[in-house]
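Data first, discussion second: the structure below is written as structure tokens.
The values are calculated or read from the model by the stated rules, or taken from the named source; none is laboratory data. For clarity, every value in this text was computed on a predicted model and none was experimentally measured. Neighbour counts are summed over all protein chains in view; Cβ atoms, including those assigned to glycine, are modelled from backbone coordinates with ideal geometry.
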Amino acid sequence: MGPSSPYAVSKLAQEELGIRLAEEGSCATILTRSFNHHGPRQSPSFAASGFARWIARIEKGQVEPIIHTGNLDAVRDLTDVRDVVRAYRMLANHGVSGRIYNVCSGHGYSIREVLDNIIALAQVKVRVQVDPSKFRPNDTPILLGDSKRIRSELAWTPQIPLNQTLSDLLDYWRQACDRE
């Protein structure tokens, strides 16, 4: 393992502590590596939610019909937050203490694909403008998980497809913009 950021180092330290507690028998510990999850009510500081909020604002005439983006080529393993919660429930009831479970779809989506899918749901025409100043200096090109363990041990699989998540996310922001 070679954590590539302070955040990754902190996650590795948490895993090591969890494993140690489980091995000592002092605490039943289920460990998850949860990859990117998204859905209604997510902060607009995250890509999909930010795109959906901006489109809702465009539809309301609150902002110009241009989305300024950073890197659209990054690939992320995305899972609907409702599927993630279902995985956590299953793990709490049936997971093995001290074992690490990747909570992920096992499928990568480019940020461009996510944005294109949200734009396809828009009720107005939207333009996209890539802004190099929005690129992250240490952006990992591909983050993709392997969900074999949670699938085989608990028969968990994501149930909510990406387009449903994005539709629900956009509907959430449409309603939220009505309240603003």
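Of note:
- The residue of the stretch 106-149 that is modelled with the lowest pLDDT, among those that are part of a helix (DSSP H, G or I) and of a type in the set (Lys, Arg), is LYS134.
- For the stretch 13-48, a residue qualifies if it is assigned to a helix (DSSP H, G or I) and either in contact with a helix residue (DSSP H, G or I) (Cβ under 6 Å, 6 or more places away or on another chain) or among the aromatic types (Phe, Trp, Tyr) (or both), and the qualifying residues are ALA47, ALA48.
- Filter result for GLN62 (touching a Cys at 6+ places or on another chain (Cβ under 9 Å) and under 30 Å from VAL126 (Cα atoms)): yes
- Residues that are within 18 Å of VAL128 (Cβ to Cβ) and without any contact (Cβ under 8 Å) to a residue 40 or more places away in the chain, drawn from the stretch 45-76: PHE46, GLY50, TRP54, VAL63, GLU64
- The stretch 13-68: number of residues that are of a type in the set (Gly, Ala, Ser), closer than 22 Å to ASN93 by Cβ and surrounded by fewer than 12 Cβ atoms within 10 Å (Cβ to Cβ): 2
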